[in-house]
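A.B. asks: Mind looking over this structure? Questions follow.
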Amino acid sequence: MRSAFSPAGWLAVGGVLCLGLLGPCSGAAAAASAPDETPISLELNKLAPIAEGAGCRAYFVISNPGAQAMSDLDLDLVLFNAEGIIARRMAVQFGPVPAQKTVVRLFDLAGTPCDSIGHILLNDVLSCQAGATAPGGDSRAACLARITVSSLAKAKLTR
């Protein structure tokens, strides 16, 4: 039978390496340092006119069922008109999103009538800080992979 210890004395526990020379590695401690891969859902819930001709208010629902808070989550969104032509691009701050919490974020789209929005594209993650991720660490790709999108509005939300 093969030992779980590597020749250097390291032990793989839950996909995380820990040094087993001073005693057994704790699976819970090792798992706590691993990044959370629980999906984060981003839903375009509704688009509502702000005032006569002033624009549109977008209501987003973000659900983070994971054990790690998202202290920072900035997304690059692109709005397309009903004909599929890019109407505008914007950077939007969705964070912080606490762990095991659902939050609503509102954004005003001045000068953009709601009925002119065909769909919204989640183009990229501009910044992301989740759990114990080191400040300045590039976890953008990992965050983008975790985000699922949906829409209850007439306009679609896509990735």
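None of the figures in this text is laboratory data; all of them are computed from the coordinates on show. All values derive from a computational prediction rather than experimental measurement. Here the Cβ positions follow ideal geometry from the backbone for every residue, glycine too, while neighbour counts run over all protein chains shown.
A.B. asks: If we sort 82-92, 54-64, 141-151, 99-109 on the protection proxy, mean other Cβ atoms within 10 Å, highest first, what's the order?
C.D. replies: 54-64, 141-151, 99-109, 82-92
A.B. asks: While we're here: Relative to the compact globular guide of 2.2 N^0.38 Å, what is the alpha carbon radius of gyration of the range 40-158, as a ratio?
C.D. replies: For the range 40-158, the normalised Cα radius of gyration comes out at 1.07.
A.B. asks: If you build the convex hull over the alpha carbons only and average its shadow over all orientations, what do you get for the range 52-118? Give it in nm² to one decimal.
C.D. replies: 4.9 nm²
A.B. asks: How much length is gained if the chain between LEU106 and LYS154 is pulled fully straight, taking 0.36 nm per residue apart and subtracting their Cα-Cα distance, in nm to one decimal?
C.D. replies: Gain on stretching LEU106 to LYS154: 15.6 nm.
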